[in-house]
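Inspection log for the structure reproduced underneath, given as structure tokens.
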Amino acid sequence: MKNLEKLFRQYFITYWKRDLTYFGVIAALALISVWWGSGFMSSAKAVAGFLMIYYAARSFIELSRSNKAINYMMIPAKPHEKVTSKLLLANVYFVAGCLISLIAGGAMGYLFLYISEPSNSISFTLFEDIFNTYTSNLIINIFAFISIFFFTSIYFKGKNIVKTVLIMAGLGFLGFAMSFLTIYINFKAITPARMLFAGANLGDIHYPEELVSKVTEIAHYAINIGIMIYFYTLSYIRFKETEA
């Protein structure tokens, strides 16, 4: 526990200005969006989501340069403590900071709007707008991406953003191509040329919408939770190998 406190202290001494800049940008965009726009526009929320993932991608930026890597490795803490501290920073500290910045900036925007136009009725929909955007599905997607970029930050030693995006794009294209090919081969196999399904109308096959929706939702959560467990486990293993 003492080592974690030392790691957090060392982190904030080094990066507090950078983090305040990130939070300030989010708050400023939220303020401008509310004050100048018609409600809480999507720009600030999109930037906040992007920065959450970008921050995770730079979790181990110290490893990108040999001198910084040596200094970081020499910090008196165990490998799992170093990974745990970064994991908490990426998943708790920075995510909470982004959300607080959105709320603070949006609230200030509403305040300035009220001061500049006191005669107009202002609908304060800040919290509703944020929670309507950051639904549970989107939140778990963001945390899944955070876990992926967190791991690649260790694996590629801080130089991972472009490489990770290219790998994910390649895997996505490969998955799409394989799915399309599988569907095509199966369709050709069960449907010879110019032969229709005898007495079968696929349009007559119905599945309960609630069941389909529930199964899809459960699968979505299960897959993303599996991704997080998998990549964080790899993060601990990989960092231990890197430090060794």
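The values are calculated or read from the model by the stated rules, or taken from the named source; none is laboratory data. Being a predicted model, the structure only gives us computed values, none of them experimental. Side chains are part of the model used for accessible areas, which takes the heavy atoms of the whole protein and leaves out ligands, DNA and RNA. Shrake-Rupley method; radii C 1.70, N 1.55, O 1.52, S 1.80 Å.
Using θ = phi - 60° in the Karplus curve 6.51 cos²θ - 1.76 cosθ + 1.60, the 3J(HN,Hα) couplings for region 153-159 round to 4, 7, 5, 9, 6, x, 10 Hz; x is entered for Gly and Pro.
On full extension of the chain, what length is gained from residue 173 through residue 10, given 0.36 nm per residue of separation minus the C-alpha to C-alpha distance?
That works out to 54.6 nm of additional length.
A 1.4 Å probe over all protein chains sorts 55, 221 by accessible area into 221, 55, starting with the largest. Per-residue SASA remark: residue 152, around 10 Å² accessible (1.4 Å probe; ligands, DNA and RNA not included). Which of the pairs 6/163; 86/157; 78/159; 45/86 have their Cα atoms more than 26 Å apart in this structure? Too far apart for the 26 Å limit: 6/163.
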